[in-house]
1. Between residues in the range 68-79 that are closer than 15 Å to THR42 by Cβ and residues that are in a helix (DSSP H, G or I), which pairs lie under 9 Å by C-beta distance while being six or more apart or on different chains?
2. Looking at the range 288-305, which of its residues are touching an Asp or Glu at 6+ places or on another chain (Cβ under 6 Å) and of a type in the set (D, E, K, R)?
3. Could you look through the range 146-160, keep only residues that are in contact (Cβ under 8 Å) with a residue 60 or more places away in the chain and hydrophobic (A, V, I, L, M, F, W, C), and pick out the one that is nearest to GLU209 (Cα to Cα)?
4. I'm trying to understand the selection: among the residues of the range 385-425, which are modelled with pLDDT of 80 or more and in a loop (DSSP other than H, G, I, E, B)?
5. Pairs under 8 Å by beta carbon, first residue more than 14 Å from MET431 (Cα to Cα) in the range 472-492, partner among the polar types (S, T, N, Q) and assigned to a loop (DSSP other than H, G, I, E, B), six or more apart or different chains?
6. Give the range 575-615 a look and list any residue that's in a helix (DSSP H, G or I), small (Gly, Ala, Ser) and surrounded by fewer than 16 Cβ atoms within 10 Å (Cβ to Cβ), or say none.
7. From the set of residues in the range 428-451 that are without any contact (Cβ under 8 Å) to a residue 60 or more places away in the chain and of a type in the set (S, T, N, Q), which is surrounded by the fewest Cβ atoms within 10 Å (Cβ to Cβ)?
8. Look through the range 82-132, keep the residues that are under 24 Å from the mean Cα position of the chain (by Cα) and under 18 Å from LEU215 (Cα atoms), and return whichever of them is surrounded by the most Cβ atoms within 10 Å (Cβ to Cβ).
Amino acid sequence: MLNDQDKTTYSFAAKDLTLTEKLDALPQRPGVYQFKNSEGKTIYVGKAQNLRSRVRQYFHKSRMSDARIELMTARIVDVELTVTDSELEALILEANLIKRLKPRYNVLLKDDKSYPFIAITNEPYPRVFVTRKKISGYRYFGPYTDVKSMRSALKTIRDIFLIRSCNYDLNDSSINKKKFKVCLDYHIKKCEGPCEGYITREHYNALIEQAAQVLRGKTKSVAELLKKEMDALSEATKYEEAASLRNRIDALRVYSEKQKIVDTTEADRDVIAIVKKDNDACAVVFRVRDGKMVGSQHIYLSNTAESNAGELYEIFLERYYLDKDDIPPDLFLADELYNMDIIKEWLCKKCGHDVRIEIPKSGDKAKLVSLVRTNAQFWLDELELIKLKRGDIIPHSLDSLKRDLRLSSPPRRIECFDISNIQEADTVASMVVFVDGKPKKSEYRKYKIKTISGQNDFASMQEVVKRRYERLIAEKKKIPDLIMIDGGKGQLSSAVEILNKLGIEKINVLGLAKKLEEVYLPGQSEPLQLPITSSGLRLMQQIRDEAHRFAVTYHRIVRTKRILQTELDLIEGIGKKRTEELLEAFGSVQGVKFATEEQIAEISGKKTAKKIIEYFQITENKNE
C-alpha cells in the first residue's frame, strides 16, 4: 500500500484554470484520478495507465455514454490526480479510495445484510467469539451466511482446542498475581485454565493457530499435526494425553465430514461468478478448502450499467481481497478478467504465494463454476423482487420512453385522458393512471361533461383537464410526470392551453393519434414517429387503449341509464330495483308498455301497476 510520501498529488482548482486547461495539463503517467463536484466532494475515482488519455476521454463529444455518465461529467468542476510509479500501485490506491470515499458514480460493493463473523482477538490469551462488527487488529473468518454452520464451527473449535469462553483481561502479570479463579468450564474439561496459569501462553496460542486453520477449512493439515502429537505421546507412554488427542481428532473428522465435497483433488480455491442486469449485479464466491466447500457469500454491486463483465471481475477482485489474508492459490472465474496480469501480480504480492486464475470451459471445474453462476442469478432475481416491492426498479419501457421523448427522467406516473360520445349525446371523459408502467385502477377517474353541449372534443378535453388539475392544485398534490391526450394536434393544443392558464407550464404532455400512432409534442408542427418496436411506444398504446376502454364503458352506462329513465324511472314511486324486476319480467320497456294492468300487478303490486298504466296513457295522449 502506498504511503503519503510515495504519492504525488495534483489538484486543479476551478478558479485557477478552465476545464480545457486542466485537461491539457494532465501528465502521461500511471495514477489515480478523482472527479469532484462544486462542493469539493469526490463523485468518482478511477485508475489509469496514462492519466492524460484516460481522463480526457470523459470529455470527448464523440464518447458513447449513458445518462449516468453525462450527469457525472456535468457535475465535475475539479480533478485531483495522484501519480504512481506503476499501474499496480494505482490499482491498490484506487481500491482504498473507493472503499473510504464511496463515490456516487463508482461501482460499489454491498452485502444485502450484515452477516456475522467469527473473530479471534489479538490478546495475549486470545478469545474466539461471534461478531458483526470489525475491530482493527482482530482476525476474522467468514462472513457466514448460514448461522447454523457458523455455530457448529465455533462449538467445534471450542470443544477440540479448549478455547476459553470468559471475558477476563488475561496477561502474564495478571495471571502471576492470581487475580482470577478457574470457572466451571475448567472442571468440565472445556478449558485448560489459562486464568490460573495451568497452560503456558505459547501452548495456548499454538491451539489458537490450529483453531484458525480449521476456520480457514484446513482440517486435514490440523488432523495430521494432532496425529503426530498423539503418536509421540503414545511412544512416551502418556496414554491419557494421547487418548485426549485421539478424541479431538475424531471430533475434527466428524466436523470435516459434514462439509460438502466439491473437488476430489482436495485443492484450495475460490470459485467466483458475477451476473449483471441493467445497473445491478451480484457476485457469488464459493470458498473451497481441501476440496470441501467451507463457505459461500453473495455480494451485490451497484452502478454497473456501463461496466462489461471483464471490468466487473477486476473491480470485484480488487475490493473483495483488499482486506483479506486468506487468498487461495487458485481462483476460478466464470468470465475472462479485464486486466489479468495486473490483478495476478497484486494478489501474489499480497498473499506471498503464486495465484493462478483460470476460466474453466469443460469438465467438473466448469460444472462447479456453472453452479456458482446459477446461485448468482438466483440472488440477483431476489434483489429485483425486493426492489419491485419497494418501487425502486424502473421498467425498461419507461427508460425507453424517456429516451424516445428526450425526457430528463423516466415518467414513473402517467395520466391519460380520453373523450367518448355518440351523436353529440352523453359526452363523458376518462382518466387512467399508470405508475411504473402498471395500471393503478384505484386512481382511475370518470367525468360527465357539464359545461359543453353537443360534440366538441376540444372544449370537452379542456373541461376535464381543468377539473382534474384545479383539484390537484387545490389539494396540493403532485402533478404527474407525463400527461397523455388521446388525440392529435387539436386535442393536445386544447389541453396545453388550459394547463398554461392553470400555471402548469413545466410539464411533459403529448398527444397520441390512433390512426398512424403519431406522437404530437407541444410547439412542434410535425409529429414524432417512433419505431414500432419501441417498448415506450407499446406502453403508450397500452395506456391510450386503457383510457379508451374505460371511457367507452362509462359512456355505455350513462347512455343506458338515460334510456331507461325516460320510460320507467321517471314514473313516481318506481325505483331502480322495481325497474329491474319489470324489465326482467317483460324483456323491455315496450313489453311493460303493452302489458295489462293485471300482468304488471303480479310483479309490482296493484298500486304501482295502476301508476304505470296511467303514465303510459297520459304519454300516449300527449303524443297524439
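1. Matching pairs, first to second residue: ILE76/LEU19; VAL77/LEU19; ASP78/LYS22; VAL79/LEU19; VAL79/LYS22; VAL79/LEU23; VAL79/VAL55.
2. Of everything in the range 288-305, those that are touching an Asp or Glu at 6+ places or on another chain (Cβ under 6 Å) and of a type in the set (D, E, K, R) turn out to be ARG289, ASP290.
3. Checking each candidate, the answer is ILE160.
4. The first filter runs over the range 385-425 and keeps only residues modelled with pLDDT of 80 or more, leaving 397-421.
ARG406, LEU407, SER408, SER409, PRO410, PRO411, ARG412, listed by residue number.
5. ASP481/SER409; ASP481/ASN508
6. So the first thing to find is which residues in the range 575-615 are in a helix (DSSP H, G or I), and the list is 576-586, 589-593, 597-604, 606-615.
Applying the additional criterion that residues be small (Gly, Ala, Ser) yields 585, 591, 601, 604, 609.
Selection gives ALA585, GLY591.
7. In the first step, residues of the range 428-451 are kept if they are without any contact (Cβ under 8 Å) to a residue 60 or more places away in the chain; the result is 433, 435-436, 438, 440-443, 445, 447, 449-451.
So of that shortlist, the ones also of a type in the set (S, T, N, Q) come out as 442, 451.
Working: SER442: 6, THR451: 10.
Filtering the range 428-451 for residues that are without any contact (Cβ under 8 Å) to a residue 60 or more places away in the chain and of a type in the set (S, T, N, Q), the one surrounded by the fewest Cβ atoms within 10 Å (Cβ to Cβ) comes out as SER442.
8. Selected residue: PRO116.
The values are calculated or read from the model by the stated rules, or taken from the named source; none is laboratory data. This is a predicted model, so every value here is computed, not measured. Note that we place each Cβ from the backbone using ideal geometry, even for glycine, and neighbour counts take in every protein chain shown.
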